[in-house]
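See structure below.
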Amino acid sequence: MFVGQQQQQVVGLLDLGTSKISCLIVQRPKYASNRGWRVIGHSQIQSSGIRAGMLVDLALGTAEDQAELTLDDILVGVANGRLQSLHFSATVELAEHHVQRHDLRRLTQSAQQYVEQQQRSLLYLNHVHYTLDHVSTARQPLGLQGRRLDCQFHAVTTDEMTLLALEELLARCNLSPRNFIPSGLAAALS
């Protein structure tokens, strides 16, 4: 989301935990010498369950009041929905005998289809390791010659109904999800 005449990038983050709901609004000016993000609104409230989105609306409203803006979309940390971490491989045969971008897309599509077959919703997908013609490659394989490309993936999934419920909850707060992020992964990466 971009706000104002100064073209400042603003991002809203929402973490829906089992005991608390946290909202953070951060800003990074597009042409500023300071490259870091600046907190312009935040809130945290205790929760013993979400009823019709009132607590989420309260947390968002407090942070938006501090930031003096209204969010349209938000990044949402997901900690519920029986999160599962999966490791699996996908393979493509290389028609042109060297790795092209469409081969990498086919690998990713294959991984996404695998997750869908498990009747789970994909929250996160990462390429862990590539193998070209059964030889490990430590780098991006684009342009390398070979006949078969394998990729080890890591995915985090959740119950499909969990994401639908979260989307409905956000819609009640006049928001759309920019993306869903596994909360544990976000905490580990930060």
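Select from the range 163-190 the residues that are among the polar types (S, T, N, Q) and within 15 Å of the chain's Cα centre (by Cα) and list them in ascending order. Of everything in the range 163-190, those that are among the polar types (S, T, N, Q) and within 15 Å of the chain's Cα centre (by Cα) turn out to be 176, 179, 183, 190.
Looking only at residues of the range 48-72 that are surrounded by 14 or more Cβ atoms within 10 Å (Cβ to Cβ) and acidic (Asp, Glu), we find that the one that is modelled with the highest pLDDT is 64.
Okay, residues lined up against (1) in contact (Cβ under 8 Å) with a residue 24 or more places away in the chain; (2) touching a strand residue (DSSP E or B) at 6+ places or on another chain (Cβ under 7 Å):
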residue: 80; (1), (2): yes, no
residue: 95; (1), (2): no, no
residue: 130; (1), (2): no, yes
residue: 143; (1), (2): yes, yes
residue: 165; (1), (2): no, no
residue: 170; (1), (2): yes, yes
residue: 175; (1), (2): yes, yes
residue: 185; (1), (2): yes, yes
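Quick one: which residue in 103, 150 is part of a helix (DSSP H, G or I), farther than 30 Å from residue 76 by Cα and open to solvent by less than 30 Å² (accessible area, probe 1.4 Å)?
Residue meeting the stated conditions: 103.
The values are calculated or read from the model by the stated rules, or taken from the named source; none is laboratory data. What you see is a predicted model; the values in this text were computed from it and never measured. Here Cβ is always computed from backbone atoms with ideal geometry, including for glycine, and neighbour counts include all displayed protein chains. SASA here: full protein model, heavy atoms, side chains in, ligands and nucleic acids out. Shrake-Rupley method; radii C 1.70, N 1.55, O 1.52, S 1.80 Å.
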